[in-house]
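Notes to accompany the following structure.
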Amino acid sequence: MAVSKTGAEVKTAIGLMSGTSMDGIDVALIRSDGATIAERGPFLTVPYSPAFRRRLADGLETAKSIGRRGERPGALGALEEELTRLHAEAVFAYSRQSGIPLESVDLIGFHGQTVLHRPEKGLTVQIGDGKLLASETGLPVIHDMRAADMEAGGEGAPLAPAYHRALAASLDRPGPIVFVNIGGISNITLIGQNDELEAFDTGPGNALIDQWVETKAGIPFDQGGAIASEGQILRRLVDPYLQNDFFSDGSRRSLDRNDFLPPDPASADLEDGARSLARLTAEAIMKSMRSMREAPKTWIVCGGGRCNRMIMSDLSDLAASQNGTVLAAEDVGLNGDAIEAEAWAYLAIRAHYGLPLSWPTTTGCRKPVTGGVLAKPKEA
Ligand SMILES: Nc1ncnc2c1ncn2[C@@H]1O[C@H](COP(=O)(O)OP(=O)(O)OP(=O)(O)O)[C@@H](O)[C@H]1O
Ligand SMILES: CC(=O)N[C@H]1[C@@H]2OC[C@@H](O2)[C@@H](O)[C@@H]1O[C@H](C)C(=O)O
C-alpha cells in the first residue's frame, strides 16, 4: 500500500469526462493522495457517433424545461441510461487497451453530460447514472460533484482548478501560472504566487466555431484553424459578443453552452466567420483576465482549442502585450486533451478524503466545500 508524504494512502482513480463539445468520452487515470499527483496514467477518448451527438443536442433542448435537478423530461431518462452504458464501455475499452486491470482501480470520478447550467437559479444538471455505472463496472463511483458546491452558494463550476493547482506545483515554470481550458466553453485558473486560486469561465471556446462550420459547411470543427486562417476578422461579428453583460456585470463566473449563440449564417462567409469567432475566443479570455489581481507569466493552454492555430496565435499576441508566454499543455509535458478527465479522477480522490473541491475564489461558494455522491457496486 503506497502512502504519501501527507500520510494519506495513494488511491488510483479513473476520470470520465463528457464535455460541452459533446464529441465523446475522455478517460484518464490519476494516482494521488488527494494533494500531490503521484502518477498520470494513459488517456483514451471514445468518440460519440454522429447520431448520438444529435441525440445529446436534442437532450439539451429538452433539458431547458427542467426546474429541479432530478427531473428527466421526455427522452432524457433513456438518454441518461444510454450515456451511462457508453461510459461503462469506455471504462472497459480503457482497461483493455492500457492493460490496466480494473481490480487495480479504487474509484471512478464520473462527470456525466451537462444538459443545463443555470447558476443564477441554483440549478446545474448533469445526466449520468452513478449507481448504474457502479453496477456495470463493479467499482465505486463518485458522481454529481457539482451539487454540493451549489448548495454552498457556489455556481457548481469550474471545478478543475484544484487539479490545475496540483499540476502547477509539478511544473518548473515562472509563476503566476494560468491554465486556460479551451473546450466548448473556455475557463481559466490562475495560481497566484502564494498558491491562491482565482478561476472562472471566460466565454465561448470552440462551441460557436463548431456550430458555425457545421451550419455553413457541414463539418464538425475547424481542424487546426485551417478555415479561420483563410478569413478576415470582422469586428461587426466579434464586438457584439464582447458587449455581453457576462463581461461587464461580474455577477456570473460560469456559463451554459447556450449562453452564447452562433451568428446568423447569412452574416458572413465561412472563412471570415471562423476567423472572427477564433478571435472572439482569444479576446474573451483576455477581457475576463482583466479582473485578475496578478498578471500571469506562464499561460498553459489545454482543451481542443489549443489545436486551432488562429486562437493560439491571437492569444500569444495578446498575452505577450502583458509579458506572458503562451504554451500548449504538451510544451510542458502534459496531455492537453486529458486534463479534464484527469481532473475528475483527482477530484474523486479528494472527495473520498473529504477535501475541498471548490473555494470562494473558484466557484463563489461561501466557504471551501467538498462534494460528490458515492455509488457503491452491489456486493457480489
Ligand atoms: N485538431 C483540432 N483543430 C481545431 N480544433 C480542434 C481540434 N481538435 C479538437 N478541436 C476543438 O476542440 C473541441 C473539443 O474540445 P474539448 O474536448 O476540450 O472540449 P470539451 O471538453 O467537450 O468542452 P468543455 O471543456 O467546455 O467541457 C472540438 O469540438 C473542436 O472544436
Ligand atoms: C456546468 C459545466 O459543465 N461547466 C463546464 C463547462 O466546460 C468548461 C467550463 O464550462 C467549465 O466551467 C466546466 O467544466 C470544467 C471541467 C470545470 O468544471 O472545471
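The numbers here are math on the coordinates, done by the rules we state, and not lab data. These numbers come from a predicted model, not from an experiment. Reconstructed Cβ throughout: ideal geometry from the backbone, glycine too, with neighbour counts over all protein chains shown.
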Helix 76-98 vs. the chain, principal-axis angle (Cα, 0 to 90°, nearest 10): 70 degrees
Quickly work out the Gln97-to-Ala169 label distance, labels modelled 7 Å from Cα along the C-beta direction, and quote it in nm with one decimal. 3.1 nm
Value of [θ]222 nm, deg cm²/dmol, for the chain, DSSP H segments ≥ 4, -39500 (n - 2.57) each, nearest 500: -10500 deg cm²/dmol
What FRET efficiency comes out for the pair Arg293/Glu214, r = Cβ-Cβ distance, R0 = 45 Å, nearest 0.05? 0.70
Bounding extents of the range 1-127 in its principal axis frame from Cα atoms, largest first in Å, are 48, 33, 21
May I ask you to order 172-178, 97-103 by the average number of other C-beta atoms within 10 Å around their residues, highest value first? 172-178, 97-103
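Using a Förster distance of 25 angstrom, determine the FRET efficiency expected from the C-beta separation of Glu89 and Ser229, and round it to 0.05. Walk me through the numbers on the way to the answer.
Values: r = 37 Å, r/R0 = 1.48.
Once the sixth-power term is evaluated, E becomes 0.10.
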Volume of the Cα convex hull of the range 278-368, divided per residue and given in Å³: 116 Å³
Using Cα-Cα distances under 8 Å and only pairs 6 or more residues apart, what relative contact order does the chain have, in percent? 23 percent
Dimensions in Å of the chain - Rg and Dmax from alpha carbons: 19.7, 62
So how tilted is helix 207-217 from the main axis of the chain? Cα-based, degrees 0 to 90, rounded to 10. 60 degrees
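Rounded to the nearest 0.05, what FRET efficiency do Gln193 and Ala8 have when you use their Cβ-Cβ distance and R0 = 45 Å?
After rounding to 0.05, the efficiency reads 0.95.
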Which entries in the list Lys64/Lys297; Lys11/Lys64; Lys64/Lys131; Lys11/Lys378; Lys287/Lys367; Lys121/Lys367 go over 30 Å, if you measure between the two C-alpha atoms of each? Lys64/Lys297; Lys11/Lys64
Projected convex hull area of the range 226-380, Cα atoms, direction-averaged, in nm², equals 13.1 nm²
With Cα springs under 10 Å, the Gaussian network model of the chain assigns the largest mean-square fluctuation among Ala93, Ala162, Ala343 to Ala93
